[in-house]
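Engineer: Below: one structure in structure tokens.
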Amino acid sequence: MEYMADMLDNTNLMRNIALMGHLHNGKTSFVDCLIRQTHPDTINNETTIPMRYTDTLFVEQERGVSIKSMPVTLLLKDVKGKSHLLNIMDTPGHVNFSDEVTAALRISDGAVIFVDAAEGIMLNTERMIRHAVQERVPLTLCINKIDRLILELKLPPADAYYKLRHIIDELNSMLETHHPQDNPEEPATVFSPLLGNVCFASSLYDVCFTLESFAAMYAQAHDCGLVSSEMAAWLWGDVYFNAKTRRFTKKQPHSSAQRSFVEFILEPLYKIFAQVVGDVDSTLPEVLEELGIKLTKLESKLNVRPLLRLVCSRFFGDFCGFVEMAVRHVPSPLDAAQRKVAHCYRGVSGPLYEDMINCDQSGRLVAHTTKMYPTDDCTFFLVLARVMSGTLYAGQSVRVLGENYSTQDEEDSRLMNVGRLWIYEARYKVELNRVPAGCWALIEGIDQPIVKTCTLVSADEEEELHTFKPLRFNTQAVVKIAVEPVNPSELPKMLDGLRKVNKSYPVLSTRVEESGEHVILGTGELYLDCVMHDLRNMYSEIDIKVADPVVSFCETVVETSSLKCFAETPNKRNKLTMIAEPLERGLAEDIEAGAVCVTWDRKRLGEFFQTKRHWTQHPGFQWGTREGPLCEEPIRNVKFKILDAPYLFVEVQAPADCDAPVPGSPLYTIKAFVPAIDSFGFETDLRTHTQGQAFCLQVSRRHTWRESS
């Protein structure tokens, strides 16, 4: 622990990483592998029950799905044996909890996209890639669960190569599609095993490697002066090994020659699996000993799954290939500081800005908080923050700047005293006296004024203060429920519980309707189900009644008014006439996507609308209702009918016969849009009618609104 604390001062040896991807693509089980390697004396390696180390909530263990983003800080070694400090955030894969991914990306300098080798690209995979690109976070790739290609799909090694290559090509196509248009000079990310930003893994069996880490195994085994980086350059693509000349070539030596990736990586992997999974006999220890793997008599009698995991872990060793990939392709806090601050900070200059882009540990204190975790008794919250500059000390007095703070309105700020500081390790905490710039820390004692996110500065800071931008989510809270206590006298307890769940869930919002109802808005059924579990059992501990869920609607017009509406002054000398008409197609989407902003100056707005040919419209519905189209005077007495409703994008995965088979697997996908108001219970009905064979995920896409009947 002392060595880890010393590593906090060296930002060059530190990486802040978010693990993200689709549901059940193996992010949490991958962290389990890292935990087993770094905690060998405390973790039972022989059990076949998934540990799910970062799923710390009872509801997460019960449902088998991650709900909260959870950080762990680990000391890991690269291919050369050099230690690095990795702050890793395990994020949920369910589309309902995409807000947790947003909070994780804000304090991370890079992200690892996890893809199931058998399922390929799924609904949330593309959404996470698009979101990471929008947040300017560098990406790397981990193709996980490669064991499914061998044990479930039973693909030949050559076909498995094509499957893996197809996944990488499809991801590169997505990266090119979602590359930001406002920064054409910066090239789009390209995934390639040859570049070292792709690793292959089977978190179930403790397997993880890159081309270079696998080549290093050959170099170590043969001890012939082989340079692993040079060999790795020949282990992907249409490259073959000529046994006669002992050289790699791009020309196929003979018709049955296999590509180098198949011959040197997949075939050995297949043989190990086949040897262990096949009929185990007394010769297995002798065969494995030729590979440098020694088994005791007791270990040889293990069941197939723990035995295979034991063999693979001893053959492949620690996940040094993953660490090498992270160190090379995820920038350090110092290298990423300028991009992170420019994208997330509202200020553009000044001493604080300079200290942050230099990640100056001796500079002025600035920290950014994005997540809060409840204490064991749920009475208050511990705040997760990233120190952007300076050093945060336990007991220090700080100023908490809320999301609504500005130089014109300084009301949303408060002086607080920092309590204890910790490194958060999911299931335990390591207490610290100080946290320097570039690090993550769990802070005690400052949660009371924070609603979602905040900016921390020193209490005696005299420079002009700016805050970090609020989180920009890639999902919307369109499903709402009304709640009330069964016992009306317990209303204060429920209100206190609502304030706490609002802190705990990033995109959640609560409000009081004009009717007096207390309403909770979330992203979907599972999301609100988890919210209600926390509200009832953790934060209020009372019985609460819930109304049937409904969805939020938007109001619009579908065509130009057929009648002119007018209003007159009492003396009949002044008359205001108006009509309403829909905005031009695409303009509302541009506004919601952030392509145009009402705070821009007139010149910039003019250039945008000239390019988009929207000269006849005003940017946004508020402008359209504030100024009429005839004399540009305020609009009054306008009534709009409710015609637009949110639609959910649905992706169904099933073995049934349909139009879109998943390449290299027996699975099929169906994609459709379902009105959100009709989506309640759809997943349950689908599983019931298909006897559990079909599985679907529903997500509210931005800008997906259609007329309701």
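Where a number appears in this text, it was derived from the coordinates with a stated rule and is not lab data. The shown structure was predicted, so the numbers you read here are calculated from the model rather than taken from an experiment. FYI the Cβ positions are ideal-geometry reconstructions off the backbone, even for glycines, and counts take in every protein chain you see.
Engineer: Specify which residue in the list Ala342, Cys454, Asn417 is farthest towards the positive end of the charge dipole of segment 340-458, using unit charges on the beta carbon of Lys, Arg (+1) and Asp, Glu (-1), about the Cα centre.
Structural biologist: Ala342
Engineer: Additional query: Under a plain spin-label model, where a point goes 7 Å from the Cα along Cα-to-Cβ, how far apart in nm are Glu289 and Ala274?
Structural biologist: Going from the Glu289 label point to the Ala274 one covers 2.4 nm.
Engineer: Considering every pair of different Cα atoms, what Kirkwood radius, in Å, is found for segment 340-458?
Structural biologist: Working: mean 1/r = 0.0692 Å⁻¹.
Taking the inverse mean of 1/r over all distinct Cα pairs, segment 340-458 comes out at 14.4 Å.
Engineer: Continuing with this model, one more query. In degrees, nearest 10, range 0 to 90: what is the angle between the Cα axis of helix 267-277 and the longest Cα principal axis of the chain?
Structural biologist: Tilt relative to the chain: about 80 degrees.
Engineer: A further question on this structure: Just to confirm my numbers, what's the Cα centroid distance between segment 497-545 and segment 2-34 in Å?
Structural biologist: Each part's Cα centre sits 31 Å from the other's.
Engineer: Ranking Met217, Met89 by Cβ neighbours within 10 Å, fewest first, what do you get? Before the final figure, lay out the partial values.
Structural biologist: Numbers: Met217 19, Met89 28.
Ranked by crowding around the Cβ, least crowded first: Met217, Met89.
Engineer: Helix 157-177: angle to the longest alpha-carbon principal axis of the chain, degrees 0 to 90, nearest 10?
Structural biologist: Taking the Cα atoms of the chain, the angle to 157-177 is about 30 degrees.
Engineer: Scan around Val551 for amide H atoms under 5 Å from its own, H built in the peptide plane at 1.01 Å from N, and keep only partners 5 or more places away or cross-chain.
Structural biologist: Here Lys480 satisfy the definition.
Engineer: How high is the FRET efficiency from Glu152 to Asn574, r the C-beta distance, R0 56 Å, rounded to 0.05?
Structural biologist: On the way: r = 77 Å, r/R0 = 1.37.
Using R0 = 56 Å, I get an efficiency of 0.15.
Engineer: Still on this structure: Give the long-range amide H neighbours of Gln396: residues separated by 5 or more places, or on another chain, with amide H under 5 Å away, using H modelled in the peptide plane at 1.01 Å from N.
Structural biologist: Val418
Engineer: Sticking with this structure for a sec: On alpha carbon coordinates alone, what is the Rg over Rh value for segment 405-472, Rh being the Kirkwood radius?
Structural biologist: Expressed as Rg/Rh, it is 0.98.
Engineer: Out of segment 238-313, which GluC sites (Glu not before Pro) are coil in DSSP terms and have no more than 13 other C-beta atoms within 10 Å?
Structural biologist: On the way: sites: Glu263, Glu286, Glu289, Glu290, Glu299; in loops: Glu290.
For GluC sites (Glu not before Pro) across segment 238-313 that sit outside H, G, I, E and B with at most 13 neighbouring Cβ atoms in 10 Å, the list reads Glu290.
Engineer: If I histogram all Cα-Cα distances within segment 45-195 using bins 5 Å wide from 0, what percent of pairs lands in each bin?
Structural biologist: 2, 8, 14, 17, 19, 18, 14, 6, 1, 0, 0
Engineer: Sticking with this structure for a sec: Given a cut-off of 22 Å, name the pairs among Lys452/Lys500; Lys469/Lys503; Lys27/Lys163; Lys145/Lys429 whose C-alpha atoms lie farther apart than that in the structure shown.
Structural biologist: Working: Lys452/Lys500 11 Å; Lys469/Lys503 17 Å; Lys27/Lys163 20 Å; Lys145/Lys429 30 Å.
Among Lys452/Lys500; Lys469/Lys503; Lys27/Lys163; Lys145/Lys429, the Cα-Cα distance tops 22 Å for Lys145/Lys429.
Engineer: If you don't mind, there's one more thing I want to ask. Provide, for q = 0.09, 0.14, 0.18 Å⁻¹, the log10 of I(q)/I(0) from a solvent-free Debye sum over equal Cα point scatterers in segment 378-517.
Structural biologist: Debye intensities relative to I(0), on a log10 scale: -0.35, -0.79, -1.14.
Engineer: Next up: Once Rh is set to the Kirkwood radius over Cα pairs, what Stokes-Einstein translational diffusion coefficient, in µm²/s, holds for segment 1-81 at a temperature of 37 °C and a viscosity of 0.692 mPa s?
Structural biologist: Details: Rh = 14.6 Å.
Answer from the Stokes-Einstein relation: 225 µm²/s.
Engineer: Give the long-range amide H neighbours of Leu384: residues separated by 5 or more places, or on another chain, with amide H under 5 Å away, using H modelled in the peptide plane at 1.01 Å from N.
Structural biologist: Those lying under 5 Å, H to H, from Leu384 are Thr370, Lys371, Met372, Tyr373, Ile443.
Engineer: Output ³J(HN,Hα) for segment 672-686: one whole-Hz value per residue in order, computed from phi by the Karplus curve 6.51 cos²θ - 1.76 cosθ + 1.60 with θ = phi - 60°, and x for Gly and Pro.
Structural biologist: 7, 10, 10, x, 4, 5, 9, 8, 5, x, 5, 5, 5, 4, 5
Engineer: Please report the projected area of segment 496-549's Cα convex hull averaged over all directions, in nm².
Structural biologist: Values: hull surface 14.8 nm².
With every direction weighted equally, the projected area is 3.7 nm².
Engineer: A further question on this structure: Modelled label-to-label distance, Arg420 and Lys250, 7 Å Cα→beta-carbon offset: nm?
Structural biologist: 6.1 nm
Engineer: If r is the Cβ-Cβ distance from Lys80 to Arg339 and R0 is 30 Å, what FRET efficiency results, to the nearest 0.05? Numbers along the way, then the final one.
Structural biologist: Working: r = 27 Å, r/R0 = 0.91.
Result of the calculation: an efficiency of 0.65.
Engineer: If you don't mind, another one. For helix 27-38, what angle does its Cα long axis make with the longest principal axis of the chain, in degrees from 0 to 90 and rounded to 10?
Structural biologist: Tilt of helix 27-38: around 50 degrees.
Engineer: At 222 nm, what value in deg cm²/dmol follows for the chain if DSSP H runs of at least 4 each add -39500 (n - 2.57) and the sum is divided by all its residues, to the nearest 500?
Structural biologist: On the way: 22 runs with 206 residues, N = 709.
For the chain, the value works out to -8500 deg cm²/dmol.
Engineer: What FRET efficiency comes out for the pair Glu299/Ala567, r = Cβ-Cβ distance, R0 = 56 Å, nearest 0.05? All intermediate terms of the calculation are to be shown ahead of the outcome.
Structural biologist: Values: r = 87 Å, r/R0 = 1.56.
Calculated transfer efficiency: 0.05.
Engineer: Now a separate question. I'd like the per residue volume of the convex hull spanned by the Cα atoms of segment 281-392, given in cubic angstrom. Walk me through the numbers on the way to the answer.
Structural biologist: Details: hull volume 22.4 nm³, N = 112.
For segment 281-392, the hull spanned by Cα atoms encloses 200 Å³ per residue.
Engineer: Quote the convex hull volume per residue of segment 155-234, based on C-alpha atoms, as a whole number of Å³.
Structural biologist: Working: hull volume 10.5 nm³, N = 80.
Expressed per residue, the convex hull around the Cα atoms of segment 155-234 is 132 Å³.
Engineer: Can you list the HN-Hα couplings for segment 346-360, worked out from phi with the Karplus curve (6.51, -1.76, 1.60; θ = phi - 60°), rounded to whole Hz and with x for Gly and Pro?
Structural biologist: Working through the residues one at a time gives 7, x, 10, 6, x, x, 4, 4, 5, 5, 6, 6, 9, 6, 7 Hz.
Engineer: When N counts the residues of the chain, how does its alpha-carbon radius of gyration compare numerically with 2.2 N^0.38 Å, as a ratio?
Structural biologist: Values: Rg = 28.1 Å, N = 709, 2.2 N^0.38 = 26.6 Å.
So the chain has a normalised radius of gyration of 1.06.
Engineer: Could you check the simple spin-label distance between Ser349 and Arg165, using points 7 Å along Cα→Cβ, in nm with one decimal?
Structural biologist: The modelled label-to-label distance comes out at 5.3 nm.
Engineer: Where Rh is the Kirkwood radius over the Cα pairs of segment 1-329, the temperature 37 °C and the viscosity 0.692 mPa s, what D in µm²/s does Stokes-Einstein return? Kindly include the intermediate steps, with their values, before the conclusion.
Structural biologist: Values: Rh = 20.8 Å.
My calculation gives 158 µm²/s for D.
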